[in-house]
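Working notes, structure below.
The values are calculated or read from the model by the stated rules, or taken from the named source; none is laboratory data. Because the structure is a prediction, the values reported are computed rather than measured. In this analysis, Cβ positions are derived from the backbone assuming ideal geometry, glycine residues included, and neighbour counts consider all displayed protein chains. To get the accessible areas, we keep the full protein, side chains included, count just its heavy atoms, and leave off ligands, DNA and RNA. Shrake-Rupley method; radii C 1.70, N 1.55, O 1.52, S 1.80 Å.
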Amino acid sequence: MREAKRMSEFIMELRNIKKSFPGVQALRGVDFTLKAGEVHALLGENGAGKSTLVKIIMGVYRKDEGNMFLNGREVDFLTPEQAQSHGISMVFQELSLIPYLDVAQNILLGREPKGRGGLIRYKDLYFQAQALVKKYHIDIPFDLRDKVISLSRGQCQIVEILKALSREAKILILDEPTASLTKEEHTLYQIINTLKERGVSIIYISHRLEEVLRICDRITVLRDGVKVATENVDVLNMDKVIEMMTGKKMESISYIRNVQKASEKVQRVLLEVKNLSISRRVFEVSFQVNYGEVVGVTGLIGSGKSEIALALFGINPIQGGEIWVDGQKLVIRSPMDTIKAGIALVPEDRKRQGLVLMHSVESNIALSVVRDYVKFGWVQQGIIRKKVLEQVSRLMIKTPNLQQKAQYLSGGNQQKVVLGKWLVRKPKLLILDEPTVGIDVKAKAELRRYVREMVADGECGVLFFSSDLNDIIQTCDRALVLYRGRVIQEYTDVMSMGEEFLYRAIQGVVA
């Protein structure tokens, strides 16, 4: 009787879930419950086991041991299609939309209404997509006929959620849904509140603890593949959650930097950008980076941040302006020109642009220097391995061995591998594009420390592109604010600024 009552309380229950990969015990007997109509956050540092657990729920991975119950009945999904047929859908951190199809076509992809001869009935397709939007009272900031390629990443997240809801999802798993959103985009939060009212249950994975405490009902924290606790949000605060995630008090993991004021430094100009214009996104942007400093660039999505980062590395074509490095004008035809000039880029999308996921940790880190250590046609593997080990140790990359494939590392450790790939070259200028997206609070603190350590000897500089305003304040010496493709403000004393002050600036409101 007690067991039946327990089952009726939860729409989903996982018991003693275990899962291992080569060299890694990802889950060590995890329990998890989900109530109807609740938003339940699944938290933990990178590598804690969050993604593994939800991929088992979705049928992407098979569990090694344990039981899963849905509405009181035991289930075991072999494929994502089986999970979807039981009303479970997931919006992955890596979006799966087709860029050159429009919004409605993506929402109903594979389930389009068809007529004679198997031809798609487009009138019905747009009618069904519009009916879905009305059903959930979603105020979408785009048109259903807009091509996905024209949308921001935040808008693409909304399309992914609509795609999941079109399958009549009763349980929705959101993996880092706001990793690339700015504070102006409240549509996602409105959707979540609407879904709760309609009885949809949400498993919410996020490293943004402020939003978790604001919108979630319960929190389950994992650490090293073990469940630490499940608590109601109303009895927690941010410091307590961080302590649960890390096993340490907040003050013991914080990184307090000692930064000289710009006026106290002997400044040597490393990079000078003059009147840079890129397509129709960036207009006559000028700035400089000195040796020994971190310059932040921030702004809303669409402000031109990533376009500038990619252009400086030779990926995006430049329509106008000049780039000077060490007093010499740089002609950029390809990334090889920038690499030779001592410039390195850690891109925003580490999995698609920064890593070869099927290759090992060693291969990925060695990728940028392997050509430099070839003698008489033979790769000097011993020298390369020594350099790789130095980066693994320096960055504290958690991996069972150097041969571990990058795809099996946590997001934070994947980011460290991308960083190590370039640090092994000892670049003059390191460009970081949204480097803390999708990594946990401890990994963020570590990355900030690495960046400050890099510039401490005055032999290099860093350009830090980020929409995370706290990262800008905690890491940078100076900050440039972009608004609609133009620099509208430069702040030279970033540490003294509050996040809300900087938030007003990225909205175009400057003092």
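Counting only protein heavy atoms and a probe of 1.4 Å, the accessible surface of the chain is 49% carbon and sulfur.
Residues whose amide H comes within less than 5 Å of that of I173, counting only those at least five positions distant or on another chain, are S89, M90, V91, I203 (H built at 1.01 Å from N in the peptide plane). Per-residue 3J(HN,Hα) values for the range 449-465, derived from phi via the Karplus relation 6.51 cos²θ - 1.76 cosθ + 1.60 with θ = phi - 60°, read 5, 4, 5, 5, 5, 4, 8, 4, 8, x, 9, 7, x, 10, 9, 10, 8 Hz in sequence order (x marks Gly and Pro). Amide H contacts under 5 Å for L409: none, restricted to partners 5 or more places along the chain or on a different chain, H placed in the peptide plane at 1.01 Å from N.
To the nearest 10, the accessible area of K114 is 110 Å² with a 1.4 Å probe. Over 26 Å between Cα atoms, which of K305/K340; K274/K351; K18/K405 qualify? As for pairs spanning more than 26 Å Cα to Cα, those are K274/K351.
Please list, in order, the residues from the range 283-320 whose amide nitrogen is less than 20 Å from a point placed 7 Å along the Cα→Cβ vector of E390. Once the point is set 7 Å along Cα→Cβ of E390, 292 turn out to lie under 20 Å by backbone N, inside the range 283-320.
DSSP beta bridges fully contained in the range 54-194 are about 55 percent antiparallel. The aspartates and glutamates whose alpha-carbon is closer than 17 Å to the alpha-carbon of K442, local same-chain residues fewer than 8 away aside, are E45, E176, E210, D224, D239, E243, E251, E434, E453, D468, D471. Rolling a 1.4 Å probe over the protein heavy atoms gives the range 362-460 an accessible area of 45 Å² per residue.
Over the range 52-101, the Kirkwood radius and the radius of gyration, each from Cα atoms, give a ratio Rg/Rh of 1.05. Here the dipole of the range 342-432 is about 140 debye; that uses its Cα centre as origin and unit charges on the Cβ of Lys and Arg (positive) and Asp and Glu (negative). In terms of accessible area, using a 1.4 Å probe and ignoring ligands and nucleic acids, T399, T492, T220 rank largest first as T492, T399, T220. Legend: residues F127, F313, sorted from most to least accessible area (1.4 Å probe; ligands, DNA and RNA excluded), read F127, F313. Phi angles of the range 71-82 translate, via the Karplus equation with coefficients 6.51, -1.76, 1.60 and θ = phi - 60°, into HN-Hα couplings of 6, x, 10, 6, 9, 8, 8, 8, 9, x, 4, 5 Hz per residue; Gly and Pro are given as x.
In order along the range 311-323, phi translates into HN-Hα couplings of 5, 5, 9, x, 8, 8, x, 9, 8, x, x, 9, 10 Hz, rounded to whole numbers, per the Karplus curve 6.51 cos²θ - 1.76 cosθ + 1.60 with θ = phi - 60° and x for Gly and Pro. For R281, the solvent-accessible surface computed with a 1.4 Å probe is close to 100 Å², ligands and nucleic acids excluded.
The candidates W324, W422, arranged from most to least accessible area with a 1.4 Å probe in the full protein assembly, appear as W324, W422. Excluding ligands, DNA and RNA, the accessible surface per residue across the range 28-120 is 44 Å² with a 1.4 Å probe.
How large is the direction-averaged shadow of the alpha-carbon convex hull of the range 331-452, in nm²? Mean projected area of the Cα convex hull: 8.0 nm². Here the chain is treated with +1 on each Lys and Arg Cβ and -1 on each Asp and Glu Cβ, and its dipole about the Cα centre works out to around 1200 debye. Amide H contacts of A26 (H built 1.01 Å from N, in plane; Pro and chain starts excluded): K19, S20, F21 sit under 5 Å, all sequence-distant by 5 or more or on other chains. State the Cα centre-to-centre distance between the range 189-224 and the range 437-461 in whole Å. Answer, in whole Å: 29. In the assembled protein chains, R268 presents an accessible area of approximately 110 Å² (probe radius 1.4 Å).
What is the chain by shape, rounded, prolate or oblate, if you read a ≥ b ≥ c off the alpha carbon gyration tensor as root eigenvalues and call it rounded for a/c under 1.5, prolate for a/b larger than b/c, and oblate otherwise? Prolate, because a/c is 1.5 or more and a/b exceeds b/c.
Rounded to the nearest 20, the size of the Cβ-charge dipole of the range 101-181 about its Cα centre is 440 debye, with Lys and Arg at +1 and Asp and Glu at -1. Straight-line cross-link partners of K123 among the lysines, defined as a Cα under 29 Å from its Cα and at least 8 positions apart when in the same chain: K114, K134, K135, K147, K163, K170.
For the range 283-325, what class follows from the C-alpha gyration tensor (a ≥ b ≥ c being the square roots of its eigenvalues): rounded when a/c is under 1.5, otherwise prolate if a/b is larger than b/c, else oblate? Verdict is oblate for the range 283-325. Which of the three applies to the range 1-115, rounded, prolate or oblate, going by the alpha-carbon gyration tensor with a ≥ b ≥ c and a/c under 1.5 meaning rounded? Taking the square roots of the gyration eigenvalues as a ≥ b ≥ c, the range 1-115 is oblate. Once the dipole of the chain is set up with Lys and Arg at +1 and Asp and Glu at -1 on Cβ about the Cα centre, which of I107, I215, V273 lies farthest towards its positive end? Comparing the listed Cα positions along the dipole, I107 ranks first. For the chain, relative contact order (Cα pairs under 8 Å, six or more residues apart, normalised by length) works out to 15 percent.
Between the residues I343, G29, P435, the greatest Cα displacement towards the positive end of the dipole of the chain, with unit charges on the Cβ of Lys, Arg, Asp and Glu, is found for G29.
Taking the helices alone, the chain has a mean residue ellipticity at 222 nm of -9000 deg cm²/dmol, built from -39,500 (n - 2.57) per DSSP H run of at least 4 residues and averaged over all its residues.
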